[in-house]
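Everything below concerns the one structure shown next.
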Amino acid sequence: MTTDTVTPRTPPSNGAWMVMLDGVLLILLGVFLVIPSETAHEMLIRGLGILLIAGAAAVGARLWMTSAARQYGPLTWLACIAPLVIGVILLIWPMESLEAIAVTVGIVVLFRGIVETSIGLANRDTSGWELLLVRGIVTIALGIFFMWFRSWAAYLLLILLGIDLIAKGATGVATARSVRKRQ
């Protein structure tokens, strides 16, 4: 007497639907960012603030419940205090926060441009140093633009982020469609 077990046939779970859904949601978020609406951008920034506050509360609750965390110093609690403070700032001053982000990006881009320019000048004996020098100078100019024209730069950052999200979403949708076709 043999006992054969019959397992029901289930379709393969490869996550193509999740990739498709992710792609569509990224496209929608990208379109939301590309549309030049101050209220839409303000809602997005406040939503990010709410997410940061919720994340900070979750990390804080986890730290509080972990007995080992009570033995650590105050720096451990920065894992929940810093996102909480940033989230509250984003909720209270959304547009000013967006400009602060643009200035921060501008400073980072400016320093990156200085480094690229320095590397280009330091490597004058190698071929292609001119390209690195020009790229560094353009990056410096972009960093200055972000710091000088904060409100324009903030919208430019949101539009560029929106375009990037649309492109990533379209890639995800195309990938999911090709995976589904192969099945």
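The values are calculated or read from the model by the stated rules, or taken from the named source; none is laboratory data. If you're wondering where the values come from, they're calculated on a predicted model, not measured in any experiment. No Cβ is skipped: glycine too gets one built from the backbone with ideal geometry, and neighbour counts run over all protein chains shown.
Which residues, taken from the stretch 147-162, are more than 19 Å from Glu38 (Cβ to Cβ) and under 19 Å from the mean Cα position of the chain (by Cα)? Step through it out loud before you land on a result.
Looking only at the stretch 147-162, we keep the residues that are more than 19 Å from Glu38 (Cβ to Cβ), and these are 147-148.
Within the stretch 147-162, no residue meets the criteria.
Can you pull out the residues in the stretch 1-58 that are charged (D, E, K, R) and modelled with pLDDT under 80? Even if it seems obvious, please write down each step before you answer.
The initial filter retains those residues of the stretch 1-58 that are charged (D, E, K, R), namely 4, 9, 22, 38, 42, 46.
Across the stretch 1-58, the qualifying residues are Asp4, Arg9, Asp22, Glu38.
Please enumerate the residues belonging to the stretch 137-183 that are more than 13 Å from Val103 (Cα to Cα) and among the polar types (S, T, N, Q).
Thr139, Thr171, Thr175, Ser178, Gln183
Within the stretch 19-70, count every residue that is charged (D, E, K, R), more than 16 Å from the chain's Cα centre (by Cα) and closer than 22 Å to Ile101 by Cβ.
At the first step, the residues of the stretch 19-70 found to be charged (D, E, K, R) are 22, 38, 42, 46, 62, 70.
Now drop any that are not more than 16 Å from the chain's Cα centre (by Cα), which leaves 38, 42, 62, 70.
Of the ones still in play, those that are also closer than 22 Å to Ile101 by Cβ are 38, 42.
Adding up the residues that qualify gives 2.
Going by what's in this entry, would Asp22 be described as outside any helix (DSSP H, G or I) and not aliphatic (A, V, I, L, M)?
Numbers: outside any helix (DSSP H, G or I): no; not aliphatic (A, V, I, L, M): yes.
Judged against the criteria, Asp22 is not a match.
Evaluate the stretch 98-121: report whether one residue or more is small (Gly, Ala, Ser) and closer than 30 Å to Ala58 by Cβ.
Here is the first cut: in the stretch 98-121, the ones small (Gly, Ala, Ser) are 100, 102, 106, 113, 118, 120.
Keeping just the survivors that are closer than 30 Å to Ala58 by Cβ gives 100, 102.
Yes; the residues of the stretch 98-121 include at least one that is small (Gly, Ala, Ser) and closer than 30 Å to Ala58 by Cβ.
Against the conditions (1) of a type outside the set (D, E, K, R); (2) in a helix (DSSP H, G or I); (3) farther than 18 Å from Leu44 by Cβ, where does Ala153 fall short? Just the number, please.
Result: Ala153 passes all but (3).
Which pairs turn up if I take residues in the stretch 131-158 that are surrounded by fewer than 16 Cβ atoms within 10 Å (Cβ to Cβ) and look for partners that are among the hydroxyl-bearing types (Ser, Thr, Tyr) with beta carbon separation below 8 Å, at least 6 apart in sequence or on another chain?
The qualifying pairs are Ile137/Thr117.
Could you give every pair whose Cβ atoms fall below 6 Å, whose first residue belongs to the stretch 47-67 and is over 8 Å from Cys80 (Cβ atoms), and whose second residue is part of a helix (DSSP H, G or I) and small (Gly, Ala, Ser), counting only separations of at least 6 or pairs across chains?
These pairs meet every condition: Gly49/Gly87; Leu52/Gly87; Ile53/Gly87.
Scanning the stretch 90-130 for residues that are hydroxyl-bearing (Ser, Thr, Tyr) and loosely packed, with under 15 Cβ neighbours inside 10 Å, which turns out modelled with the highest pLDDT? Give the derivation first.
Initial filter on the stretch 90-130 (hydroxyl-bearing (Ser, Thr, Tyr)): 97, 104, 117-118, 126-127.
Narrowing further to those that are loosely packed, with under 15 Cβ neighbours inside 10 Å: 104, 118, 126-127.
Details: Thr104: 84, Ser118: 92, Thr126: 86, Ser127: 86.
Ranking the candidates gives Ser118 first.
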